[in-house]
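Worksheet: the structure to be examined is printed underneath.
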Amino acid sequence: MMNIFTWDVLSGVLRTMIALSTPFLFAALGETFSQLSGVVNLGVDGIMLLAGFFAFYAVFLTGNVWLGLLLAMLVGLVMGLMMSFVSVTLKAQQGISGIGLQMFGLGMSSLLFKVLVGTVTSVTGFRPVKIPLLGDIPFIGSILFNNNVLVYSAFLLVPLSWWVLEKTTLGLKIKAVGQNPAAADSVGINVNRIRYFSVCLGAVLAGVAGASLSISIANLFQDNLTSGQGFIAVALVYFGGWSPVGVLGGALLFSLANSAQLWLQVLGINVPASLAVMLPYVLTIVVLTVAVNRGKQPAALNKQFFRGEN
Amino acid sequence: MKLNRIVTAIVLLAVISATAFAAGEKEAAASTAAKPLRIAVVMPSATTDMAFSQSMWNALLKVQAAMGGPSALELKYSENMFNVPDAAAALRDYASQGFDIVIGHGSQYGSSIREVAPDFPEVVFAWGTDVNNFGLPNVYAYTAAAEQGGYVNGVLAALLNKTGKIGVTGPIEVGDAKTYIDGFVNGVNSVGKNIAISKTWTGSFSDVALMTAAAKTHIANGAGALTGSSQSVVGSIGACKEAGNVLWFGTQSDQATLAPALTVASQVYDWEGMLNDIIANRKAGKLGGDAFVLTLANGGLKVAYNHGFALPADVKAKADAAIAGIKNGSIKATP
């Protein structure tokens with residue numbers, strides 16, 4: 001096993017893990033809100049793609065990463081409204097409307113990229129910001145406190161999401177609507193409004209996830225940049241048992257497995273590459289099979305709410 | 001409810017049309033009164049991928065320009081056809097629309113070509129990268145001896161390397177992605193410096209984020225130069241650029257524009273000669289049966305030095321010597 005257990009390698013594995021987990025965290029935490037309100041949004045990948053494109057395009061034109069981020073959030077919001085309108089107001093089957101949104105995002109981002117940019121080109125995205133003092137702590141300083149602002153935000157979003165869901169009235173309403181919309185409705189909660197809010201919040205965060213790919217990790221845009229990461233984010237919500245902390249665990253585990261397999265290959269450890277790249281997926285399936293607590297699944301997940309008929 | 005269904009149907013229709021518009025076939029040239037030659041190509045990624053698909057599209061555009069423009073050669077393409085059944089349908093559609101030459105530009109399209117070609121004996125089919133034309137009289141196969149440019153890039157990388165480590169970021173260990181890297185490793189080793197080469201395979205031709213992470217992992221491990229193939233290597237090039245001092249060696253298309261200060265050279269697939277041969281053969285009544293291999297010797301492969309990179313003259317001389325050696329057979333690109 002030669003030099004795999006050195007501080008340098010361990011630090012490298014963890015740094016890569018943190019970077020890779022960022023888009024998963026944004027997208028999966030957003031999807032957690034959406035699903036807790038009862039709406040499965042399978043369009044996350046499409047939102048990430050279109051928002052990722054607009055973030056890239058804004059930076060490509062202006063060099064302003066904040067404008068890119070804002071545009072990505074706006075695209076997320078618009079696509080969230082589309083998803084809400086179709087699945088909440090029109091009460092269409094959620095899975096179908098989500099897939100429609102995903103296809104729309106994939107096709108539209110590809111079309112806009114071809115028409116507006118034409119060829120692959122890179123931009124300067126968010127740069128790492130070292131946090132004073134904390135960034136100087138040996139070992140963990142370089143792993144945790146020398147990242148860009150999107151990485152910090154993704155990790156801060158975990159306790160924030162937990163707080164909103166567990167400690168605020170809004171969180172209670174979101175969960176009530178996802179568990180028993182008829183009961184929530186009977187006590188005066190506007191089910192559709194809460195679902196609109198949750199889906200849109202999830203979509204805005206999916207937009208940030210897309211931006212984290214195009215203007216933070218890869219710093220470029222290419223057709224199908226996400227390569228299905230949005231679907232993995234949806235799976236992470238189930239993996240995490242609809243809890244922000246569970247989602248964090250899932251995102252870190254999946255990213256750690258991916259990071260570790262890359263390092264195994266770089267260090268020349270004698271593991272067949274095809275086995276190494278399977279590692280994150282195999283691990284995910286094993287944990288999904290063993291650890292997921294299905295009891296926590298929102299009872300009204302993927303169910304339309306017809307006022308007065310339920 | 002009825003209104004809801006109608007609105008839902010309209011939304012779905014809009015979504016499907018947008019997707020079809022983006023990923024489906026696009027007309028590159030309108031036909032004119034004089035009957036032009038018609039070529040259609042189906043590709044796994046975008047015509048702008050800076051890699052495999054772009055190399056074919058650029059060659060087709062060059063052939064079109066040489067023939068006198070769209071009035072002489074009509075081109076159509078279907079890009080982003082990762083899904084093989086979709087690609088098979090597109091190949092059949094083009095053949096039934098009366099295209100003269102239909103190209104399946106991806107080694108995953110072999111079985112589709114084998115299935116479709118016998119139904120259209122008057123249409124020329126070409127596919128690659130492979131050398132198998134399935135014994136069909138209307139199928140050409142084509143491939144690139146990617147190991148040759150890989151060897152030259154390897155020589156350059158070894159001579160310029162200062163850290164003693166070089167990283168290779170590959171997609172899947174198959175086809176020209178593998179042979180390129182085999183040649184590259186052989187080229188590095190031929191220089192005789194003590195250089196460690198690390199390889200990573202991401203398991204995907206398109207996962208840019210994972211490729212970026214792989215490249216950053218090599219860089220964190222001390223690699224002073226990187227190479228790799230597939231359209232996802234744009235992520236690797238970005239990682240080199242971000243690091244600021246890690247050299248890049250490209251393949252398939254000229255990738256210098258992505259990192260002008262760090263790209264030393266790119267092996268370029270130039271399919272123009274092969275396309276001209278296929279067109280000439282067709283005119284002479286030979287619709288298939290051959291396998292084309294792009295090499296440095298036949299001009300199908302070219303090593304494009306990046307003029308924006310200050311390559312020392314002695315290093316360039318050694319790379320040129322490697323090119324000459326491969327051309328005359330005195331150097332074998334793979335052991």
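The values are calculated or read from the model by the stated rules, or taken from the named source; none is laboratory data. Everything numeric in this text was worked out from a predicted model, so none of it was measured. Don't worry about glycine lacking a Cβ; one is built from the backbone with ideal geometry, like all the others, and counts go over all protein chains shown. Side chains included, ligands, DNA and RNA excluded: accessible areas come from the protein's heavy atoms. Shrake-Rupley method; radii C 1.70, N 1.55, O 1.52, S 1.80 Å.
Laid out as a table, the results:
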quantity: Single residue of B:Gly69, B:Gly106, B:Gly110, B:Gly128 found to be of a type in the set (Gly, Ala, Ser), surrounded by fewer than 21 Cβ atoms within 10 Å (Cβ to Cβ) and closer than 30 Å to A:Thr121 by Cα; calculated: B:Gly69
quantity: Failed criterion for A:Leu267 (all others in (1) open to solvent by 20 Å² or more (accessible area, probe 1.4 Å); (2) modelled with pLDDT under 90 hold); calculated: (1)
quantity: Matching residues, the stretch B:146-160, being open to solvent by 10 Å² or more (accessible area, probe 1.4 Å) and within 18 Å of the chain's Cα centre (by Cα); calculated: B:Glu147, B:Gln148, B:Tyr151
quantity: Answer residue from the stretch B:189-235, given it is at the interface with chain A (Cβ under 10 Å from one of its Cβ atoms) and of a type in the set (Ser, Thr, Tyr) and is nearest to A:Ser216 (Cα to Cα) among those; calculated: B:Thr212
quantity: Any hit, the stretch A:207-223, residues being of a type in the set (Ser, Thr, Tyr), within 29 Å of A:Val88 (Cα to Cα) and more than 14 Å from chain B (Cβ to nearest Cβ); calculated: no
quantity: All positions within the stretch B:199-219 that are in a loop (DSSP other than H, G, I, E, B) and without any contact (Cβ under 8 Å) to a residue 40 or more places away in the chain; calculated: B:Thr202, B:Gly203, B:Ser204, B:Asp207
quantity: Positions within the stretch B:300-315 being open to solvent by 60 Å² or more (accessible area, probe 1.4 Å) and either in contact with a Phe, Trp or Tyr (Cβ under 7 Å, 6 or more places away or on another chain) or among the hydrophobic types (A, V, I, L, M, F, W, C) (or both), in sequence order; calculated: B:Ala310, B:Ala313
quantity: Qualifying position, being touching a residue at least 60 places away in the same chain (Cβ under 8 Å) and outside any loop (DSSP other than H, G, I, E, B), among A:Ser274, A:Ser255; calculated: A:Ser255
quantity: The listed residue being open to solvent by 30 Å² or more (accessible area, probe 1.4 Å) and either over 30 Å from B:Val246 (Cβ atoms) or in contact (Cβ under 8 Å) with a residue 24 or more places away in the chain (or both), out of B:Thr169, B:Thr163, B:Thr143; calculated: B:Thr163
quantity: Residues being under 23 Å from B:Ile181 (Cβ atoms) and open to solvent by 20 Å² or more (accessible area, probe 1.4 Å) - total across the stretch B:271-298; calculated: 6
quantity: Qualifying residue in the stretch A:59-73 (condition: modelled with pLDDT of 95 or more, in contact with a helix residue (DSSP H, G or I) (Cβ under 6 Å, 6 or more places away or on another chain) and within 30 Å of A:Gln179 (Cα to Cα)); calculated: yes
quantity: Index of the failed condition, B:Leu210 passing every other in (1) at negative phi; (2) surrounded by fewer than 23 Cβ atoms within 10 Å (Cβ to Cβ); calculated: (2)
quantity: Members of the stretch A:217-233 that are part of a helix (DSSP H, G or I) and open to solvent by less than 10 Å² (accessible area, probe 1.4 Å); calculated: A:Gly230, A:Ala233
quantity: For B:Thr257: the one exception among (1) away from every other protein chain (no Cβ under 14 Å); (2) within 18 Å of the chain's Cα centre (by Cα); (3) surrounded by fewer than 20 Cβ atoms within 10 Å (Cβ to Cβ); calculated: (1)
quantity: Members of the stretch A:112-164 found to be among the basic types (Lys, Arg) and within 11 Å of chain B (Cβ to nearest Cβ), listed by number; calculated: A:Lys114, A:Arg127
quantity: Test: residue in the stretch A:172-180 that is within 14 Å of chain B (Cβ to nearest Cβ) and of a type in the set (Gly, Ala, Ser); calculated: no
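Yes/no per residue for (1) in contact with a strand residue (DSSP E or B) (Cβ under 7 Å, 6 or more places away or on another chain); (2) open to solvent by less than 40 Å² (accessible area, probe 1.4 Å); (3) more than 20 Å from A:Asn41 (Cβ to Cβ); (4) among the polar types (S, T, N, Q):
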{"residue": "A:Ile140", "(1), (2), (3), (4)": "no, no, yes, no"}
{"residue": "A:Asn146", "(1), (2), (3), (4)": "yes, no, yes, yes"}
{"residue": "A:Pro159", "(1), (2), (3), (4)": "no, no, yes, no"}
{"residue": "A:Asn180", "(1), (2), (3), (4)": "no, no, yes, yes"}
{"residue": "A:Ala183", "(1), (2), (3), (4)": "no, no, yes, no"}
{"residue": "A:Ser186", "(1), (2), (3), (4)": "no, no, yes, yes"}
{"residue": "A:Ser198", "(1), (2), (3), (4)": "no, yes, no, yes"}
{"residue": "A:Ala203", "(1), (2), (3), (4)": "no, yes, no, no"}
{"residue": "A:Ala206", "(1), (2), (3), (4)": "no, yes, no, no"}
